[in-house]
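One structure below.
Laboratory data are not the source of any read-out in this text; all were calculated from the coordinates shown. Nothing here was measured: the structure is a model prediction, and the numbers come from that model. All Cβ positions, glycine included, derive from the backbone under ideal geometry; neighbour counts span all protein chains shown.
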Amino acid sequence: MPVGTYDTATLNRVVEDLEEPASFLLDTFFPSVQTEANSEEIHFDIDKSRPRLAPFVSPLVAGQIVADQGFETQSFKPAYVKDKRVLKPNAPLKRAIGEKLTGELTPMQRRLLQLGRSMEDQRVMLNRREEVMASEALRLSRVTVSGEKYPTVVVDFKRDAALAIALLGAAQWGEAGVSPLDNLETWAALVQTKSGTAPRTVVFDPEAWKIFRKDPEVKELLDIRRGSAASVELGPQSRGQGNEKARFVGTIGDFDFWVYQDIYIDDAGAETQMLPDHTVLLGSKPDADGRGGVEGVRAYGTIQDEEAGYMAPRFFTKSWLEKDPAVRWLLMQSAPLIVPYRPNAVLAATVRSA
């Protein structure tokens, strides 16, 4: 076994170097990372500014005092993500997945493979938890945090209620006389009024996209635009595997269209969609520096573990050996919260009832 394989510095370096799991919503709207070292709480600011005008006054009088409407600071003591696994002592004696039936690895080589797969799975599960939080923040403007021995807490980002749309009856997409493009234009103007940002990124779940692409006006304009698709910016890509579950499907005007869906198993064990059927998100994504648009942030609280130095990394991994019975434990800890600093820069719509 290589020296230092199981020490905390080595383990955390290995996890950091793993390929980044695909996470379309996080990569698109929440590119920035914020850590809160030496604090049990995560502090975040909600932009409450409105598009005001500078005041006119006579040049012979004192300047008019303008109140700073700025932002509202909130705090939240995050729940822990604690993924603890046992590496059983007899596992290295059995053939590893993908290994030849006759066996070609030593028991210690199999142990290291098991360790690597477990750490990678921990990273993927943490990333999926954050992606679910991103979906909730964008769709509902709130994140619900609950878990074992942790009381359910709802973190409300206080988006303007007008930015949550539910079309009903004859106003639903697919009904006669309803123009999805007109809806998008109206909604884009509403987002710009509420936030001062012009939304250009449209994310459909597959069911909403099926209806949208069948609209005659959409079919005509989307086909014309695709003729010059070679010049289209294909948008965010994960640093690792890429966002293979998101598809760029074209543009109309300055709207970029994406279709995205993923499935996860929720805390109750039920298979759940990342986006409910007939969901449309219309948002303004941050620039390469994380500024502008939704200004989404992946915030992390302090890891309350002496071995972590009471710092606030995205995750902290450690392993230890129990002497009797001889089992090895692997633990990953994180204290995440996904925050849209400018919640009014995204609109969520349900375009058809189930």
Where q = 0.12, 0.18, 0.19, 0.22 Å⁻¹, what log10 of I(q)/I(0) comes from the Debye formula for region 106-232, counting one point per Cα? -0.74, -1.15, -1.21, -1.35
Each label sits 7 Å from Cα toward the beta-carbon; between Lys82 and Arg200 the label points are separated, in nm, by 4.6
Roughly how many nanometres apart are two label points built 7 Å out from the Cα toward the Cβ at Ile263 and Ala171? 3.3
Determine the alpha carbon to alpha carbon distance for each of Lys219/Lys285; Lys82/Lys318; Lys158/Lys210; Lys84/Lys158; Lys82/Lys149; Lys194/Lys285 and list only those over 23 Å. Lys219/Lys285; Lys158/Lys210; Lys84/Lys158
Gain upon complete extension [Ala189, Lys158; 0.36 nm per residue less C-alpha separation]: 9.2 nm
Highest first, please rank the peptides 269-281, 164-176, 200-212, 329-341 by the mean number of other Cβ atoms sitting within 10 Å of their residues. 329-341, 200-212, 269-281, 164-176
7 Å from Cα along Cα→Cβ at both Ala288 and Lys245: what's the point-to-point distance in nm? 2.8
One finds, for Leu112 and Ala354 with R0 = 45 angstrom and r their Cβ-Cβ distance, a FRET efficiency to the nearest 0.05 of 0.40
